[in-house]
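Take a look at the structure below.
The values are calculated or read from the model by the stated rules, or taken from the named source; none is laboratory data. Not measured: the values here are computed from a predicted model. Here Cβ is always computed from backbone atoms with ideal geometry, including for glycine, and neighbour counts include all displayed protein chains.
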Amino acid sequence: MASRRQHRKTLVLLFFIGAAIQVPGCAYYNTFYNAKASYTQGMRLKEQSPEGKLSPGAKNHFDKAIEKCAKVIELYPGSRWVDEAVLLMGKCFFEEEEYLKALRKFEEVTIYYSGGKWLDDAYYMMGRTYVALEDYPRATAAFDHSLSIAPEGEWADDATYWKAAANFATEGFSAAASQYRAFLQLYPRSEYYDQALFELAESLHRLGQFEEAISRFSELVDRRPGKKLAFPASLRIGEACLAMGTVERALTTFKALQGSGLEPGEEAKLGLRVGDCHRSLGDYNAALSALDAVVQGHPRTEEAAEASYRMGLIYEEDLSDLEEARKAYEQVRRHAPALEVAFDAAERSTSIAKLTEYRENLATGEEADLAATQFQLAELYYFGLGDVDQAMLEYGKVLADYPESELAPKAAFALAWILEHEKGDEEGARAAYEELTVRFPGTTYAARAEAELRDTPGLGEEGKDVLPLEDAPILEGGAASAENAASNGDRADSAGMSSASLNGVVPVADDAGHRGPS
């Protein structure tokens, strides 16, 4: 009896000793288990939010996971879950967009737990973090590390996709296209497959390989991806057709998308493309109608601003209705004042107003001012409106109508420079430079033309050294400035004139060694 009691006491003692041994293990396991559960719940909430944004609820779960991971690391540094706890902390920081904190945690795994099973995971997450920080070379290196450790591991398809995406983000479209092709062959069941297919097609589009781009975009559409990819892919098919000059095909593609349950922004983008097609086909009324529908249907949006701007271009360049063009340009800022196109529209509106003024001055102005006004008109077409052909006509009028003007050699040089650099007509430019030296000997522009002719074998090459020319065009200074310039010998400018234009027609070298109007 006594021995049985003793045996029972021994069993009880062993039970409590075992329980005492097990308690710490249970404690840190439960803590880490709860950390993983909080992370999972945070991810679920984040995925459910619009566009995967971090909601307060999701952040709360990530914070709880971070707190519990820190407890495991601090209280149980020798536990078998500590390296995974460090990794999980990094993932939580990553989801909270605390990228530098995340990076430190992933680096800790690679440094202090380099023999652990989470090393490929840590390098993969380092790569994702560097992508978020737009440090693409380091991102690529991290993905390579992950793939070298586990070429067929859990993150192999993800790392391969993100390597291609890093090249895509830096506009390395040729390399990206090759990597996307390899990815699509290796991982046909990857969750990134549709996204990779879209980015492959987009890379081909950017490379000007429009037929293959259309084929890839069409392949994606046939897979019935989510709306996030389906509409942009269909839109790019039409844009590729437009880029190839198959305008009717593009228009058919765009019209097939209309009325298919589009979001307002998608509908507006589509209207812009329809307008582009009609303009390319010479149907300006249909183009204006399509663009006006965007303006009326989507006021105070970027698309409405863009539509107004394109209407202005049609009135100005195709219909020669400058007053309607000016009105359209003035509407742009009302829709999206901070948009870059709003500033372009304002400049074109100002240029049209000046154009009207200069034309009136030519009709009614004093004889002494006419050469300067004619030259201003040429400058305005070239620099203000970007109409090279009309600018050449106006520069030609300076030479034809005011051959004795001090501005005549400058106009002659402008014509020669445009022939060389805008038209690529080296023979015509050479003849124009030669004529300038004969007609206007002893002038600054004759000297500059002679310098160009000395370089005739390399005429038109980018990066060719050029002689400095201090002269600047008359754009803002008006006829009075032209008179002052004319009084300074053969220099057609004065110190008070605008420097914004014809240094302009003068070749200048930029930091990259290229030449062109400044």
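Name the residues in the stretch 225-255 that are modelled with pLDDT of 95 or more, basic (Lys, Arg) and over 20 Å from the mean Cα position of the chain (by Cα), would you?
ARG249
Show the residue pairs that are 6+ apart or on different chains and have beta-carbon atoms under 6 Å apart, the first residue being within the stretch 344-359 and over 22 Å from ALA371 (Cα atoms), the second being in a helix (DSSP H, G or I) and not polar (S, T, N, Q).
What qualifies is ALA345/TYR309; ALA345/TYR329; ALA345/VAL332; ARG348/TYR329; SER349/ARG326; SER349/TYR329; SER349/GLU330.
Give GLU152, GLU212 a once-over and let me know the one that is part of a loop (DSSP other than H, G, I, E, B), surrounded by fewer than 21 Cβ atoms within 10 Å (Cβ to Cβ) and without any contact (Cβ under 8 Å) to a residue 24 or more places away in the chain.
Going through GLU152, GLU212 in turn, just one is part of a loop (DSSP other than H, G, I, E, B), surrounded by fewer than 21 Cβ atoms within 10 Å (Cβ to Cβ) and without any contact (Cβ under 8 Å) to a residue 24 or more places away in the chain: GLU152.
Considering only the stretch 334-359, state which residues are surrounded by 17 or more Cβ atoms within 10 Å (Cβ to Cβ), small (Gly, Ala, Ser) and in a helix (DSSP H, G or I).
Matches in the stretch 334-359: ALA342, ALA345, SER349, SER351.
Are any residues in the stretch 360-390 within 25 Å of GLY424 (Cα to Cα) and not in a helix (DSSP H, G or I), and if so, which ones?
LEU385, GLY386, ASP387
If a residue has to be touching a Cys at 6+ places or on another chain (Cβ under 9 Å) and without any contact (Cβ under 8 Å) to a residue 12 or more places away in the chain to count, how many in the stretch 56-81 make the cut?
Residues that pass the stated criteria total 0.
What helices (runs of 4 or more DSSP H) completely inside the stretch 1-117 contain at least 3 residues that are modelled with pLDDT of 90 or more, closer than 29 Å to ALA139 by Cα and β-branched (Val, Ile, Thr)?
Counting at least 3 such residues, we get 99-112.
Could you list all residues from the stretch 390-413 that are without any contact (Cβ under 8 Å) to a residue 60 or more places away in the chain and of a type in the set (S, T, N, Q)?
Correct list: GLN390 only.
Hey, which of the helices (runs of 4 or more DSSP H) in the stretch 256-313, taking only ones fully inside, have at least 2 residues that are among the β-branched types (Val, Ile, Thr)?
284-297
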